[in-house]
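The values are calculated or read from the model by the stated rules, or taken from the named source; none is laboratory data. Note that the coordinates shown come from a computational prediction; the quantities given were computed from them, not determined experimentally. All Cβ positions, even for glycine, are placed from backbone atoms using ideal geometry, and neighbour counts span all protein chains on display.
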Amino acid sequence: MDKEQYLSVYRHSLAHILAKAVIELYGPQVQYAIGPQIADGLYYDFALPVNVTQEQFPAIEEKMREIIKRREPWTRKEVSKQEAMALFAGQKYKLELIRDLPEDEVITVYTTGDDFIDLCRGPHVDNSQELMSAAFEIHALSGAYWRGDEKNDMLQRIYVWAFPTRDELKAHKAMIQEAMERDHKKLGPQQELFMLDPSAPGMPYWLPRGWKMYNALLSFWRGIHEAHGYQEISGPVLSKKELWVTSGHWDHYMDGMFLVPGETIDSVETMALKPMNCPNTIKVFMNKGRSYRELPFRINQVDVIHRKEKSGELNGLFRVQEFHQDDAHIFVTEEQIFDEIKDIMSIATEIYQTFGLSYSAELSTRPDDYMGDIEVWNQAEADLKAILLDVYGEGNFEINEGDGAFYGPKIDLQMKDALGRQWQMGTIQLDFQLPLNFDMKYVAPDGTQKRPVMIHRAIFGSFERFIGILIENYKGAFPFWLSPVQVGIVPIRVENNDYARTVADRLTAAGIRIEVDYADKNMNEKIKTYKKYKDPYILVLGAKEAETGTVSLNIRGSKEQVHGMPLDEFVNLCLRLNREHSLELAAQ
């Protein structure tokens with residue numbers, strides 16, 4: 001048995017121990033639902049006669065250890081559907097699961113000791129003594145709708161961390177603590193980057209400091225795309241239903257769209273906020289006749305888009321309903337596909353490496369609700385696979401069957417952050433269908449009309465989610481070029497404000513983002529504020545600096561202060577760091 005199989009058996013068996021402990025503590029009226037293993041342990045869902053609180057965790061853990069110490073045997077048994085219904089009489093959620101099974105289904109149950117039985121495929125341990133060295137800890141509670149449906153009962157979900165050794169559990173807890181300290185939902189508001197408000201769920205407010213960082217990231221992104229021959233456009237946020245019918249989104253994505261109905265939902269005058277930018281780009285391409293000489297025709301776009309999400313799925317900047325996608329659409333001939341997608345991958349590499357982030361690729365193939373001709377799909381998938389083989393080699397990319405977009409297969413770019421967490425970021429989607437839906441044409445070298453191939457692609461995924469990841473990756477201490485405010489300026493006394501203005505004007509003229517605290521208050525209080533914001537440099541200016549034309553500076557992450565740096569030298573340092581997109585501050 002390999003480690004993954006062992007962990008599965010170990011954690012799944014502990015889930016049964018948890019359920020048995022809860023029943024022994026809270027009585028036979030406990031309704032127990034499901035208890036799967038998860039990445040770092042397990043959970044179990046219950047309908048309980050009391051509301052469990054964090055204060056009760058130690059008692060539940062102690063009862064679990066008591067059960068394990070009994071060294072009870074585990075027995076597996078195959079039963080019919082009728083036998084299973086009798087075994088779980090009175091258990092509402094188990095009975096519902098059993099009723100949904102086919103009549104001829106072979107059902108397995110596991111008995112722990114003499115008095116606890118659970119519906120389960122297994123496998124499990126043979127005896128509780130195999131769990132004697134178990135390192136586990138109850139760490140969280142949440143509400144969970146039965147079967148994930150908000151129309152169903154709300155259950156109490158108890159989460160448990162579970163690892164084979166205490167050292168592994170300790171390491172995991174340290175990682176969780178580090179993740180909490182990096183949590184963008186905490187750091188973002190603390191550093192006044194963004195806010196969320198119940199009046200607009202999943203629709204972030206960018207605060208002044210955060211918007212400065214957003215625009216610094218956008219400027220970086222634009223520079224790269226201009227160098228690769230992209231043209232930027234902007235298009236309507238609201239369009240008539242007929243556009244989304246033609247594109248296929250009405251049939252395949254309507255549940256994820258915000259609608260503005262006409263007299264009826266079926267009216268042509270019904271409109272929808274755009275969940276995608278692709279129809280905008282198609283309209284721009286079709287604005288006039290196009291020649292093969294214009295291909296590849298590369299368009300990028302960062303308009304706001306809206307996608308409807310369930311309230312329980314919203315998560316800070318990671319899962320929102322309004323966002324700015326770093327979108328691009330390229331129209332090419334079939335002969336240009338290979339080189340164009342390789343160029344897109346080079347853009348992704350350039351962008352990710354700037355942030356010290358590594359990525360891998362995954363090919364997602366035809367979903368069940370695909371549009372178009374299956375032979376076209378097969379060819380598109382073969383083209384993308386050939387590109388991945390050329391770039392990465394055999395065995396160095398994953399294939400995700402059935403996860404393509406409804407209009408074409410795609411390459412997804414998976415990225416790892418500072419905590420080793422994997423994110424699905426960029427995507428490159430090959431699309432033969434939308435050019436057909438919109439009857440797109442270009443004039444070929446022989447004068448005939450031909451249809452272009454469309455490539456959809458994003459590198460960040462969205463600015464919102466990428467910034468959320470960057471906040472956590474850098475723990476709010478961004479590289480100089482990306483920092484919302486790059487230099488905080490602290491005049492020691494109000495009589496030093498004039499020199500502070502001179503320094504501020506000089507830095508602003510050089511394109512450096514600065515903030516000055518001219519208030520008549522304690523110098524240390526001002527410095528503390530800028531340290532809270534994690535500004536890369538804090539300049540402290542007094543009479544000596546004014547007299548010599550110098551600055552004294554605190555460098556983020558350093559306890560030492562640099563005194564007497566000529567202002568010109570500091571300006572040049574800032575310009576160099578902006579120019580190089582340096583990942584590290586140059587401590588001088």
Looking at I299, I305, I233, can you tell me which residue is out of contact with any Asp or Glu (no Cβ under 7 Å at 6 or more places or on another chain), among the β-branched types (V, I, T), under 30 Å from P189 (Cβ atoms) and in the same structural domain as W221 (by TED's automatic domain parsing)? I305
If I filter region 396-420 down to residues being more than 30 Å from H172 (Cα to Cα), modelled with pLDDT under 80 and not hydroxyl-bearing (S, T, Y), which single residue comes out as farthest from the chain's Cα centre (by Cα)? F406
Within the group I538, I555, which residue is within 22 Å of A216 (Cβ to Cβ), modelled with pLDDT of 95 or more, in the same structural domain as N524 (by TED's automatic domain parsing) and touching a Gly at 6+ places or on another chain (Cβ under 7 Å)? I538
Qualifying residue in region 260-281 (condition: within 25 Å of D343 (Cα to Cα), in contact with a Gly (Cβ under 6 Å, 6 or more places away or on another chain) and either part of a loop (DSSP other than H, G, I, E, B) or not acidic (D, E) (or both)): yes
Do any residues in region 492-515 that are among the β-branched types (V, I, T) have Cβ atoms under 7 Å from those of residues that are part of a loop (DSSP other than H, G, I, E, B) and buried (at least 20 other Cβ atoms within 10 Å of the Cβ), where the two are at least six apart or on different chains, and which pairs are they? I512/Q486; I514/V485; I514/Q486
Mind checking which residues of region 15-47 are within 18 Å of A140 (Cα to Cα) and either of a type in the set (S, T, N, Q) or not assigned by TED's automatic domain parsing to the domain that holds R65 (or both)? Q37
Quick check on V50: is it in contact with a helix residue (DSSP H, G or I) (Cβ under 7 Å, 6 or more places away or on another chain), in the same structural domain as G90 (by TED's automatic domain parsing) and assigned to a loop (DSSP other than H, G, I, E, B)? yes
Got a sec? Which of T349, T354 is β-branched (V, I, T) and either assigned by TED's automatic domain parsing to the domain that holds D149 or without any contact (Cβ under 8 Å) to a residue 40 or more places away in the chain (or both)? T349
Quick one: is I60 buried (at least 17 other Cβ atoms within 10 Å of the Cβ), within 25 Å of M175 (Cβ to Cβ) and touching a residue at least 60 places away in the same chain (Cβ under 8 Å)? yes
Candidate set from region 335-354 (those that are more than 19 Å from V453 (Cβ to Cβ) and of a type in the set (V, I, T)); member that is nearest to the chain's Cα centre (by Cα): I351
Out of (1) under 28 Å from D45 (Cβ atoms); (2) at pLDDT 95 or above; (3) surrounded by 14 or more Cβ atoms within 10 Å (Cβ to Cβ), the one S128 does not meet is (2)
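Consider G122 carefully, then state whether it is over 30 Å from Q31 (Cα atoms), surrounded by 12 or more Cβ atoms within 10 Å (Cβ to Cβ) and either at pLDDT 95 or above or in contact with a strand residue (DSSP E or B) (Cβ under 8 Å, 6 or more places away or on another chain) (or both). Lay out the reasoning, then the answer.
Working: over 30 Å from Q31 (Cα atoms): no; surrounded by 12 or more Cβ atoms within 10 Å (Cβ to Cβ): yes; either at pLDDT 95 or above or in contact with a strand residue (DSSP E or B) (Cβ under 8 Å, 6 or more places away or on another chain) (or both): yes.
Against the criterion (over 30 Å from Q31 (Cα atoms), surrounded by 12 or more Cβ atoms within 10 Å (Cβ to Cβ) and either at pLDDT 95 or above or in contact with a strand residue (DSSP E or B) (Cβ under 8 Å, 6 or more places away or on another chain) (or both)), G122 does not qualify.
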For a quick check of your reading: which strands (runs of 3 or more DSSP E) sit entirely within region 72-155 and have at least 2 residues that are within 40 Å of the chain's Cα centre (by Cα)? 107-112, 116-119, 135-145
Among the residues of region 421-446, what is the count of those that are more than 30 Å from F318 (Cβ to Cβ) and either within 32 Å of the chain's Cα centre (by Cα) or in contact (Cβ under 8 Å) with a residue 24 or more places away in the chain (or both)? 11
When you look at I337, is it under 16 Å from T427 (Cα atoms), β-branched (V, I, T) and in contact with a Gly (Cβ under 9 Å, 6 or more places away or on another chain), yes or no? no
Looking at region 77-84, can you tell me whether even one residue there is surrounded by fewer than 16 Cβ atoms within 10 Å (Cβ to Cβ) and within 30 Å of A135 (Cα to Cα)? yes
When region 19-63 is examined, which residues are found to be of a type in the set (A, V, I, L, M), closer than 16 Å to W161 by Cβ and within 31 Å of the chain's Cα centre (by Cα)? I38, A39, L42
Picking from D339, D327, the residue that is of a type in the set (D, E) and crowded, with 16+ Cβ neighbours inside 10 Å would be D327
Exactly one condition in (1) over 30 Å from K151 (Cα atoms); (2) free of Cβ contacts under 8 Å to residues at least 12 places away in the same chain; (3) acidic (D, E) is false for D327; which is it? (2)
Among the candidates Y93, Y159, single out the residue that is within 30 Å of L470 (Cβ to Cβ), at pLDDT 95 or above, aromatic (F, W, Y) and surrounded by 15 or more Cβ atoms within 10 Å (Cβ to Cβ). Y159
Please verify whether E560 is of a type outside the set (A, V, I, L, M, F, W, C), under 15 Å from A504 (Cα atoms) and surrounded by fewer than 14 Cβ atoms within 10 Å (Cβ to Cβ), treating the condition exactly as stated. no
What pairs come out if I take residues in region 283-300 that are at positive phi and pair them with residues that are assigned to a helix (DSSP H, G or I) and modelled with pLDDT under 95 whose C-beta lies under 9 Å away, six or more apart or interchain? none
Does G223 count as in contact with a Lys or Arg (Cβ under 6 Å, 6 or more places away or on another chain) and exposed (fewer than 13 other Cβ atoms within 10 Å of the Cβ)? no
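Just checking, how many residues over region 400-427 are under 15 Å from A382 (Cβ atoms) and touching a strand residue (DSSP E or B) at 6+ places or on another chain (Cβ under 7 Å)? Walk me through it before giving the result.
If we filter region 400-427 for residues that are under 15 Å from A382 (Cβ atoms), which is where we start, we get 401, 404, 408-411.
Checking which are touching a strand residue (DSSP E or B) at 6+ places or on another chain (Cβ under 7 Å) leaves us with 404, 408-411.
Counting residues in region 400-427 that are under 15 Å from A382 (Cβ atoms) and touching a strand residue (DSSP E or B) at 6+ places or on another chain (Cβ under 7 Å) gives 5.
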